[in-house]
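What follows is a set of notes on a single structure, which appears directly below.
The values are calculated or read from the model by the stated rules, or taken from the named source; none is laboratory data. Small disclaimer: the values here were computed from a predicted structure and weren't measured. Because the Cβ atoms are built from the backbone with ideal geometry, glycine has one as well, and the counts that use them run over all protein chains shown. Keep in mind that these areas ignore ligands, DNA and RNA; they rest on the heavy atoms of the full protein, side chains included. Shrake-Rupley method; radii C 1.70, N 1.55, O 1.52, S 1.80 Å.
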Amino acid sequence: MRKIVSYSFISADGVVEDPSVFVHDFDEVMREHLGTVIGTQDTVLLGRRGYDYWAPYWPTASEEPFASFINGVRKVVVTSKPLETPWAGAEVLAGDPRAPLAERLAPIRSAPGGDIGVHGSITLAQSLLAEGLVDELRLVMTPYLAGAGRRLFDGAPAGALELVGSRNTPTGTVLLHYRIRH
């Protein structure tokens with residue numbers, strides 16, 4: 001079964017909403033780390049709001065390595081409505097929108113392929129966490145306090161995380177890799 005990996009920029013006080021508020025120093029170690037994470041992914045899950053926000057931006061963006069990745073990868077959008085903004089490789093998640101996410105994602109998870117990434121879709125990531133569908137967390141914790149904003153783990157069930165690895169960057173960011181114990 002393919003892994004679902006949630007990748008999030010997170011402030012030191014746990015905020016994941018609007019990373020431009022707390023990600024100020026994107027250093028070479030962070031860029032290399034991002035390349036490693038996305039290098040294992042061939043599918044990305046996006047929530048509808050995330051898709052609508054990203055679809056007009058990323059096709060012409062130049063921030064590498066993410067721009068080439070997100071524009072070339074299969075993007076599966078969890079929504080009940082047709083996509084209004086076209087973006088190469090984007091499709092709506094099949095199945096009844098009222099069905100549990102696990103049921104709708106089963107065909108994707110059981111198909112051959114790499115990891116399935118979740119990037120920038122807070123509500124979707126929270127839903128996947130709540131349903132026990134996230135296998136790994138890749139957190140990029142910056143040394144800034146956002147003060148306010150949505151937090152990734154609001155509403156998440158209690159549970160244990162296994163630290164797979166961690167690394168400090170020259171700008172004080174900590175790269176955390178956790179496996180979720182199911």
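The GluC sites (Glu not before Pro) of segment 106-182 that meet both conditions, a loop assignment by DSSP and at most 14 other Cβ atoms within 10 Å of the site Cβ, are 131. The accessible surface of the chain, taken with every protein chain in place and a 1.4 Å probe, is 56 percent carbon and sulfur. Over segment 34-141, the reciprocal of the mean inverse Cα-Cα separation, the Kirkwood hydrodynamic radius, stands at 14.3 Å. Here the calculated FRET efficiency for residue 98 and residue 12, from their Cβ-Cβ distance with R0 = 45 Å, stands at 0.75, rounded to the nearest 0.05.
For the set 57, 144, 7, the ranking by accessible area, highest first and with no ligand, DNA or RNA atoms included, is 57, 144, 7 under a 1.4 Å probe. Residues 141, 1, 30 ordered from highest to lowest accessible area at a 1.4 Å probe: 1, 141, 30. Its Cα centre serving as origin, the chain has a Cβ charge dipole (Lys and Arg +1, Asp and Glu -1) of approximately 500 debye. Computed with a 1.4 Å probe over protein heavy atoms only, the accessible surface of segment 40-131 comes to 49 Å² per residue. Helical runs (DSSP H, four residues minimum) scored at -39500 (n - 2.57) apiece and divided by the length of the chain put the mean residue ellipticity at 222 nm at -7000 deg cm²/dmol. If you take the Cα centroid of segment 42-62 and the Cα centroid of segment 144-162, the two points sit 23 Å apart.
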